[in-house]
Amino acid sequence: MRLLTFFTLLCCSLVASAATVKNLYNVKVPVEDQTEEARIDAIGGAFQRVLVRMAGTRVVLDNTLLVNEQPNAQNYMSSLRYERSEEGGLLLSVTFMPDQLQALLERASAPLWGESRPRLLLLLAVNTSDGRITIGPEEPEDTERWKETFATAMHDRGLPWMFPSWDLEDQIALPIASLWGLFEDDIDSAAERYSSDGYLAGRIMATPGAYSFTGYLNQGDIYHAMSLQAESPDSLSTELASAVAEKLSERYAVIPLTGIDNSELIRISGVSSFADYHAVIEYLDAHVAVRDVVVVSTDRDQLTLALDLTTSWQQVFDSMVLDNRILFNEEGGDYAWQR
């Protein structure tokens, strides 16, 4: 077995959790009409969007193998249907097959980010005609458009999110002046109340035709300052969600190593029942970088497994830290299952 250093990963795993992204493989795109030509164009656009969502980065759109595969996008679909948007526009809802797309990204040696992703708390303030106000579920109608645009943009990039309630406790912990001034100690304290994996904090300057965001992303060992400009709330939200996704995918997406044998033998303790046994196998087998799981032996509450991986075990374990289901035991050199 290879000797790996997991101390940093262990420290991260002790404080992290994750959310499972729903409808990761379903994409809705505008379509002009129900003609075959319009449908094929829309399927191609949906194919690009689902690849970006699965990888977490737009770099996949420059991958030659993936570009050449776009004309065959229909081969990766499981269903499609036409819908109407709330505004009355025609949409094509396309659902893709996860296993086939994961295999395609693996062949292309492209990044692959599973359904388990960090949930971010959005701590945002915007200037309006009534002054500076926070964006949240119970906030004034002036921020309704911002709530909708951020929700759409985060969903499009496969990012779990939540808004604070901005009740009295929040207002005391984080006055709007502190959020607007990006006072990090106050923001950190306010974020501790919520069961998020990190937060995006910032202020939005909104004037007709000119919108800007200044703030930062704080998630685990990631701190990323951002300053963005756009011409509309929709485009600003899209740019911000894109910047967040790109940064997080650098940390959590795995890159398959094709043509290389990446097998790993691991021991997991804490498997004291058949339910635990089933849960461990199911958890590992569902990971995007695990091709196969073989049980080598069982000894009391310890399970020895042989894993067939698409990348290094270090990358795989690194991407699992948010789930907090398997912890590394530095003294014993094995792992512990967390029920």
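The stretch between GLU86 and GLU231, if pulled fully straight at 0.36 nm per residue, gains 49.9 nm over its current Cα-Cα span.
When only C-alpha pairs under 8 Å and at least 6 residues apart count, what is the relative contact order of the chain, in percent? Don't jump to the answer; show the numbers that get you there.
Numbers: 615 pairs, mean separation 63.9, N = 339.
Taking the mean separation of contacting Cα pairs over the length of the chain, I get 19 percent.
In segment 69-162, what % of DSSP beta bridges are antiparallel (nearest 5)? Working shown, then result.
Values: 11 of 13 bridges.
Among the beta bridges of segment 69-162, antiparallel pairing accounts for roughly 85 percent.
Computed over segment 299-339, the convex hull of the alpha-carbon atoms projects to a mean area of 3.6 nm². For segment 114-187 versus segment 201-215, the spacing of their alpha-carbon centroids is 13 Å.
Size descriptor for segment 188-239, Kirkwood hydrodynamic radius: 12.1 Å (Cα pairs only, one decimal). With the full set of protein chains in place, find how many percent of the accessible area of the chain is carbon and sulfur; take the probe as 1.4 Å. Ligands and nucleic acids excluded, carbon and sulfur give 49 percent. Rounded to the nearest 10 degrees, the inclination of helix 144-156 to the longest alpha-carbon principal axis of the chain is 30 degrees. Between TRP161 and LEU120, the built amide H atoms are under 5 Å apart, and every one of these is 5 or more places off in sequence or on another chain.
By how many degrees, 0 to 90 and rounded to 10, does the Cα axis of helix 98-107 deviate from the longest principal axis of the chain? With both axes taken from Cα atoms, the answer is about 80 degrees. Taking only the alpha carbons of segment 28-165, we obtain Rg and Dmax values of 17.9, 53 Å in that order. Taking Cα atoms only, the orientation of helix 36-55 departs from the longest principal axis of the chain by about 70 degrees. Near ILE43, once Lys and Arg are set to +1 and Asp and Glu to -1 for all other residues with Cβ below 15 Å from its Cβ, the sum equals -3.
Compute the signed sum of charges (Lys and Arg +1, Asp and Glu -1) over the other residues within less than 15 Å, Cβ to Cβ, of LEU24.
+4
Based on protein heavy atoms only, the chain ends up with 49 Å² per residue of surface accessible to a 1.4 Å probe.
Counting only DSSP beta bridges whose two residues both lie in the chain, roughly 85 percent are antiparallel. Across every direction, the projection of the convex hull enclosing the Cα atoms of segment 141-245 has a mean area of 6.5 nm². Label positions at SER297 and LYS22, each projected 7 Å from the Cα along the C-beta direction, are separated by 4.5 nm.
What nm distance separates the two modelled labels at ASP285 and ASN72, each placed 7 Å from Cα along Cα→Cβ? According to this spin-label approximation, the distance is 2.7 nm.
For segment 44-91, place one equal point scatterer on every Cα, skip the solvent, and apply the Debye formula. What is log10 of I(q)/I(0) at q = 0.20, 0.26 Å⁻¹? Results for segment 44-91 at q = 0.20, 0.26 Å⁻¹ read -0.75, -0.97.
Provide the FRET efficiency to the nearest 0.05 for the ALA103-THR214 pair, computing r from the beta carbons and using R0 = 30 Å. For ALA103 and THR214, the calculated efficiency is 0.15. Taking only alpha carbon atoms, segment 243-339 gives an Rg to Rh ratio of 0.98, where Rh is the Kirkwood radius. Computed over segment 19-71, the quotient of the alpha carbon radius of gyration and 2.2 N^0.38 Å is 1.24.
When ranked by the protection proxy of mean other Cβ atoms within 10 Å per residue, highest first, what sequence do the peptides 97-108, 219-230 form? Display every interim value, and only then the final one.
Details: 97-108: 17.3, 219-230: 15.0.
Taking the mean over residues of other Cβ atoms within 10 Å, the ranking is 97-108, 219-230.
Test of understanding: what is the full-extension gain from ALA306 to ASP276, defined as 0.36 nm times their sequence separation minus their Cα-Cα distance? Length gained between ALA306 and ASP276: 9.1 nm.
For Cα extents along the principal axes in Å, computed directly from the structure shown, the correct entry in (i) 54, 43, 38; (ii) 83, 40, 38; (iii) 67, 56, 32 is (iii). Overall, the chain carries a charge dipole of about 520 debye about its Cα centre when +1 sits on the Cβ of Lys and Arg and -1 on the Cβ of Asp and Glu, all other atoms neutral.
The values are calculated or read from the model by the stated rules, or taken from the named source; none is laboratory data. Values in this document were obtained by computation on a predicted structure and should not be read as measured data. Positions of Cβ are generated from backbone atoms using ideal geometry, with glycine treated the same way; all protein chains shown enter the neighbour counts. Only protein heavy atoms, including side chains, enter the accessible area calculation; ligands, DNA and RNA are left aside. Shrake-Rupley method; radii C 1.70, N 1.55, O 1.52, S 1.80 Å.
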